[in-house]
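Notes follow the structure.
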Amino acid sequence: MPDGSIMKDGKKQAVDLVLVGVVTAPHGVRGLVKVKSFTDEPSDLVAYGALSDQAGLRTFQLEIVGEAKGQLIVRMDGIADRNAAEDLKGQQLYIPRSALPEPEEDEFYHADLIGLRTVLSDGSAHGRIKAVHDFGAGDLLEVALESGGMTYLPFTRDVVPTVDLKSGTATVVPPQEVDAAETDEPDMEGEDA
């Protein structure tokens, strides 16, 4: 399993990598691939130079040649036919965290949020952020709860009033609907058994 390090001058070095895209499928027969970009502006994917795999063992130079159905159509150096493109399906593309500009105030990279402890407003433990998703209605935090199980919380100022990267915490105020779903058993009263 990749360990977040890269090879440089034959030596393993730790680097904070940020996932910026993933190859989703081949496109045509000439080695083009479809890439889902995770950058705010999809075409910014190529603005950072060569991308790498998570281990840093393989680098990828990309050239955007088009767009289709919300994905980029990309030519990758060394990929000249459909078979080679097919082999890249699922390949995650990374850049070093240091290549990214510092986020604006109250903006965060998803990679910075994943792993933060979630605490309630009274300071009690709540869980840990496992992933950040966007299913079309805004970012959702996937949180592994201290009590077991998982929940999704909207990443809004009301639900996540503070994020403190230095202390590794995000204060959360779960909506009542989420609290009820986490703790209440379904009300079976009045239903036919």
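Looking only at region 97-124, which residues are in a loop (DSSP other than H, G, I, E, B) and among the hydrophobic types (A, V, I, L, M, F, W, C)? Matches in region 97-124: Leu100, Phe108, Ile114, Leu116.
Ala137 satisfies every condition listed in (1) more than 29 Å from Ala47 (Cα to Cα); (2) part of a loop (DSSP other than H, G, I, E, B) except (1).
Just to verify a result, which residue in region 107-130, among those that are among the charged types (D, E, K, R) and modelled with pLDDT of 90 or more, is nearest to Pro96 (Cα to Cα)? Only one residue tops the list, namely Lys130.
If I filter region 93-122 down to residues being among the small types (Gly, Ala, Ser) and under 19 Å from Ala55 (Cα atoms), which single residue comes out as surrounded by the most Cβ atoms within 10 Å (Cβ to Cβ)? Steps first, please.
Initially, region 93-122 is screened for residues among the small types (Gly, Ala, Ser), giving 98-99, 111, 115, 121.
The next check asks that each one be under 19 Å from Ala55 (Cα atoms); those that pass are 98-99, 111.
Working: Ser98: 9, Ala99: 14, Ala111: 17.
Result: Ala111.
Only a single item in (1) crowded, with 16+ Cβ neighbours inside 10 Å; (2) at pLDDT below 95; (3) among the basic types (Lys, Arg) is not met by Arg75, and it is number (2).
Looking across region 131-142 at every residue that is modelled with pLDDT under 95 and of a type in the set (D, E, K, R), the one that is farthest from Val159 (Cα to Cα) is identified as Asp134. Quick check on my filter: what residues within region 37-68 are buried (at least 17 other Cβ atoms within 10 Å of the Cβ) and in contact with a Ser or Thr (Cβ under 6 Å, 6 or more places away or on another chain)? Leu45, Ser52, listed by residue number.
The values are calculated or read from the model by the stated rules, or taken from the named source; none is laboratory data. Only a predicted model underlies this, so the values are computations on that prediction, with no experimental measurement involved. Glycine also receives a Cβ, built like all others from the backbone with ideal geometry; neighbour counts cover every protein chain displayed.
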